[in-house]
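*Asks:* Starting off with a structure, shown below.
The values are calculated or read from the model by the stated rules, or taken from the named source; none is laboratory data. Since the structure is predicted, the reported quantities are computational estimates derived from the model, not experimental observations. Positions of Cβ are backbone-derived with ideal geometry, glycine not excepted, and every protein chain shown enters the neighbour counts.
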């Protein structure tokens with residue numbers, strides 16, 4: 001963050017009373033922060049809300065502790081907002097990196113609508129930026145959510161106006177065995193179904209959701225399958241994918257890779273999948 005070239009950045013840092021030496025590092029740079037605090041909180045959403053509540057800039061975003069922006073990201077983002085005064089949220093692509101910082105994948109997104117978000121087309125949070133005015137209308141993060149809290153917010157912000165995808169890599173997100181997308185994989189599906197139930201009682205969203213109800217429910221099962229697979233629960237992932245297939249076949253078939261990977265793991269050929277993934281990693285790293 002501190003190496004960004006944009007001259008007017010308001011840095012707000014929220015630390016959950018870390019005991020790993022983080023506060024000593026924070027104090028070295030405290031003159032750069034508009035505000036910082038190190039204190040116990042009730043989870044990620046509450047911590048982020050503390051920062052969002054203090055933000056005064058027109059454009060707002062947050063980074064979690066493992067993630068980082070690529071050079072010039074903030075300048076590129078501000079230019080996009082200036083050139084598109086009608087948008088309320090913009091998002092770019094993401095590098096997926098491992099615990100050593102090696103690139104393992106490039107997460108490329110596409111232009112999405114509110115209906116796409118209702119069908120759990122997930123956007124990587126580190127490359128998302130939004131107007132503070134839209135956030136004030138949408139409200140802060142729901143502190144009862146711990147896994148799809150960002151997607152829940154994107155749905156509410158997308159109700160406020162146009163969202164835009166820019167095909168540039170703006171950030172890197174770290175994936176490793178201790179990351180919650182693997183360590184607590186089963187929780188993502190549960191929250192997807194909670195969001196589906198929430199949509200049904202939200203003015204503006206329930207109308208949009210009714211038009212894509214089967215696709216949305218199948219997508220929730222597909223999200224469940226994806227994270228279960230990441231968490232090493234291949235048999236459960238396969239069953240979740242089959243439920244998606246039964247509800248809305250095109251949604252499940254669009255992610256045949258989940259089915260294939262789960263089958264390979266279930267029959268004991270997971271090593272073949274890992275060889276393919278390692279080969280893909282070498283190709284990605286070579287093209288970085």
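*Asks:* Residue check, residue 36 against (1) in contact with a strand residue (DSSP E or B) (Cβ under 6 Å, 6 or more places away or on another chain); (2) assigned to a loop (DSSP other than H, G, I, E, B), all met but one. Which one?
*Replies:* (2)
*Asks:* Checking the conditions here, which among 145, 135 is in the same structural domain as residue 83 (by TED's automatic domain parsing), in contact with a helix residue (DSSP H, G or I) (Cβ under 7 Å, 6 or more places away or on another chain) and either farther than 22 Å from residue 82 by Cα or modelled with pLDDT under 95 (or both)?
*Replies:* Values: 135 fails: either farther than 22 Å from residue 82 by Cα or modelled with pLDDT under 95 (or both).
From the options 145, 135, the qualifying one is 145.
*Asks:* Let me ask another. Name the single residue that is farthest from the chain's Cα centre (by Cα) among those in segment 38-56 being within 27 Å of residue 85 (Cα to Cα) and crowded, with 17+ Cβ neighbours inside 10 Å.
*Replies:* My answer is 55.
*Asks:* What do you reckon, is residue 9 in a helix (DSSP H, G or I), under 20 Å from residue 131 (Cβ atoms) and touching a helix residue (DSSP H, G or I) at 6+ places or on another chain (Cβ under 9 Å)?
*Replies:* Details: in a helix (DSSP H, G or I): no; under 20 Å from residue 131 (Cβ atoms): yes; touching a helix residue (DSSP H, G or I) at 6+ places or on another chain (Cβ under 9 Å): yes.
No, not satisfied.
*Asks:* Tell me, which residue of segment 93-109 that is assigned to a loop (DSSP other than H, G, I, E, B) and within 14 Å of the chain's Cα centre (by Cα) is surrounded by the most Cβ atoms within 10 Å (Cβ to Cβ)?
*Replies:* Let us first name the residues in segment 93-109 that are assigned to a loop (DSSP other than H, G, I, E, B), namely 98-102, 108-109.
From what is left, the residues that are within 14 Å of the chain's Cα centre (by Cα) are 108-109.
Numbers: 108: 12, 109: 17.
Applying the filter and picking the extreme gives 109.
*Asks:* Let me ask something else about it. If you take the residues in segment 18-33 that are touching a strand residue (DSSP E or B) at 6+ places or on another chain (Cβ under 7 Å) and free of Cβ contacts under 8 Å to residues at least 24 places away in the same chain, which one is farthest from residue 144 (Cα to Cα)? Please lay out each step first, then the result.
*Replies:* Initial filter on segment 18-33 (touching a strand residue (DSSP E or B) at 6+ places or on another chain (Cβ under 7 Å)): 18, 22-23, 26, 30, 32-33.
Narrowing further to those that are free of Cβ contacts under 8 Å to residues at least 24 places away in the same chain: 18, 22-23, 26, 30, 33.
Numbers: 18: 22, 22: 26, 23: 27, 26: 28, 30: 31, 33: 28 Å.
It comes out as 30.
*Asks:* Kindly indicate whether any position in segment 197-209 is assigned by TED's automatic domain parsing to the domain that holds residue 91, within 24 Å of residue 89 (Cα to Cα) and free of Cβ contacts under 8 Å to residues at least 60 places away in the same chain. Write out each step before concluding.
*Replies:* Within segment 197-209, the first condition is being assigned by TED's automatic domain parsing to the domain that holds residue 91, and the residues that meet it are none.
No, the conditions are met nowhere in segment 197-209.
*Asks:* Would you be able to tell me the number of residues in segment 57-92 that are in contact (Cβ under 8 Å) with a residue 60 or more places away in the chain, part of a loop (DSSP other than H, G, I, E, B) and more than 15 Å from the chain's Cα centre (by Cα)?
*Replies:* Residues that pass the stated criteria total 7.
*Asks:* Additional query: List the helices (runs of 4 or more DSSP H) inside segment 235-288, counting only whole elements, that have at least 3 residues being modelled with pLDDT of 90 or more and either in contact with a helix residue (DSSP H, G or I) (Cβ under 9 Å, 6 or more places away or on another chain) or surrounded by 18 or more Cβ atoms within 10 Å (Cβ to Cβ) (or both). Steps first, answer last, please.
*Replies:* Working: elements: 249-253, 256-266, 270-286.
In segment 235-288, 249-253, 256-266 are the helices (runs of 4 or more DSSP H) which contain 3 or more residues that are modelled with pLDDT of 90 or more and either in contact with a helix residue (DSSP H, G or I) (Cβ under 9 Å, 6 or more places away or on another chain) or surrounded by 18 or more Cβ atoms within 10 Å (Cβ to Cβ) (or both).
*Asks:* In addition: Would you say residue 74 is out of contact with any strand residue (DSSP E or B) (no Cβ under 7 Å at 6 or more places or on another chain), surrounded by fewer than 17 Cβ atoms within 10 Å (Cβ to Cβ) and either more than 19 Å from residue 134 (Cα to Cα) or in the same structural domain as residue 163 (by TED's automatic domain parsing) (or both)?
*Replies:* The answer is no for residue 74.
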